[in-house]
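Encoded as structure tokens, the structure appears first; notes follow it.
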Amino acid sequence: MSLELAFEALGSGPPVVVLHGLFGAGRNWMHVAQSLGADYRVYLPDARNHGASPWAESMSYAEMARDVLALIERERLQRPIVVGHSMGGKTAMALALSHPHAIGGMAAIDIAPESYTDQFSSYVSAMRSLDVAGAVTRREIREALAGSLSAQAPVDFLMQNLRRHNDRFDWRLNLLATSLCMRELCAFPESLRDARYDGPTLFIAGQESDYVRPASQAGIRALFPQAEFEGVADAGHWVHADQPAALLCGLRDWLGDARAGAPN
């Protein structure tokens, strides 16, 4: 059963749906949406168990793809192009492979249709270990979280999930479900290995990241025969934060080409 995702929308023109990654929310992509909004109607949904969207015990890529499909149908979007980063990129791939006629193109940012080592359970454990309800200030929570993680951990990014609710702090992220589903989130659905999406497809990778390697291209092309590849210099996994201008340039060029080649 699909969930009704919370979302923001801005701009005008052909529809583009942007899917955020794990620990994120649609608002993380507001700068990109504002820039694309001059030419496109951009939708920024929060994934299930994230942001303002409903919580659920499970969060498989099949389920998250159906959530996005339900949004597309509810908003009567005509073959939108779907752009996804990391977890959102895998969700976009799952949607393209399982419901190819619902979209007009797919772009995945720094992610491939393969399994990855779990690098995130330590973040969830650290967040769950904190008594945020008993804390007085955000600074107190931030210092405690930073003290529980390595110096390289994206503490400020994780802190964006903290909210004050009824005079107490809590996490807007469903940490329990995220923890229980982490193995599934790090993998890619085996049920989609024999599928293929023949529409326009772009894979953007941060050149300082190892999520999309040269060896990944054969597996990508088996599922997405029209795949184009683009690297962004001086960018790691969070390409939109490291090099937003370069990412926007690549997306704009590809979106124009994808729309020009889309069937009516």
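The values are calculated or read from the model by the stated rules, or taken from the named source; none is laboratory data. What you see is a predicted model, and the numbers here were worked out from it, not measured in a lab. FYI the Cβ positions are ideal-geometry reconstructions off the backbone, even for glycines, and counts take in every protein chain you see. Side chains are part of the model used for accessible areas, which takes the heavy atoms of the whole protein and leaves out ligands, DNA and RNA. Shrake-Rupley method; radii C 1.70, N 1.55, O 1.52, S 1.80 Å.
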> Stretched out fully, how many nm does the piece from residue 260 to residue 34 gain, at 0.36 nm a residue minus the Cα gap?
Replying inline: 79.2 nm
>> Counting pairwise Cα distances across the range 1-121, what percent come out greater than 26 angstrom?
In response: 11
>> Not counting ligands, DNA or RNA, and with a 1.4 Å probe, what is residue 137's accessible surface area in Å² rounded to the nearest 10?
In response: 60
>> Just to make sure I understand: if all protein chains stay in place, what is the order of 43, 116 by accessible area at 1.4 Å, largest first?
In response: 116, 43
> What does the accessible area per residue of the range 1-128 come to in Å², with a 1.4 Å probe and no ligands, DNA or RNA counted?
Replying inline: 35
> Cα-based Rg (one decimal) and Dmax (whole number) for the chain, in Å?
Replying inline: 17.9, 56
>> With a 10 Å cut-off between alpha carbons and a GNM built on the chain, which of 35, 125, 191 moves the most?
In response: 191
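Tally up the carbon and sulfur contribution to the accessible surface of the chain as a whole percent, 1.4 Å probe, everything protein left in place.
Working: 5730 of 11980 Å².
After summing per-atom areas, the C and S share lands at 48 percent.
Taking the solvent-accessible surface of protein heavy atoms with a 1.4 Å probe, what is the per residue accessible area of the range 137-238 in Å²?
Values: 5640 Å² over 102 residues.
Per-residue accessible area for the range 137-238 comes out at 55 Å².
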> R0 = 22 Å: FRET efficiency of residue 159 with residue 117, Cβ-based, nearest 0.05?
Replying inline: 0.35
>> Taking 45 Å as R0, compute the FRET efficiency from the Cβ-Cβ separation of residue 140 and residue 187 and round it to 0.05.
In response: 0.80
> Using heavy-atom solvent-accessible surface (probe 1.4 Å) with all chains present, what is the largest-first order of 128, 138?
Replying inline: 128, 138
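Compare the peptides 156-168, 20-32 by average per-residue count of other Cβ atoms within 10 angstrom and give them in order, highest first. Please list the in-between numbers first.
Values: 156-168: 13.2, 20-32: 21.2.
Most protected by this proxy first, the peptides run 20-32, 156-168.
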> Considering only protein heavy atoms, what is the solvent-accessible area of residue 55 at a probe of 1.4 Å, reported in Å² to the nearest 10?
Replying inline: 130
> How much length is gained on full extension from residue 57 to residue 210, taking 0.36 nm per residue of separation minus their Cα-Cα distance?
Replying inline: 52.1 nm
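Please report the net charge: other residues with Cβ closer than 12 Å to the Cβ of residue 246, K and R +1, D and E -1. The partial results should precede the final answer.
Numbers: positive: 252; negative: 230, 234, 242, 253.
For residues surrounding residue 246, the net value is -3.
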>> On alpha carbon coordinates alone, what is the Rg over Rh value for the range 164-222, Rh being the Kirkwood radius?
In response: 1.15
>> As a test of the formula, what do you get for the chain when each DSSP H run with n ≥ 4 contributes -39,500 (n - 2.57) and the sum is divided by the residue count, at 222 nm and rounded to the nearest 500 deg cm²/dmol?
In response: -10500 deg cm²/dmol
>> Quick check: the angle from helix 61-74's long axis to the longest principal axis of the chain, C-alpha only, nearest 10 degrees?
In response: 70
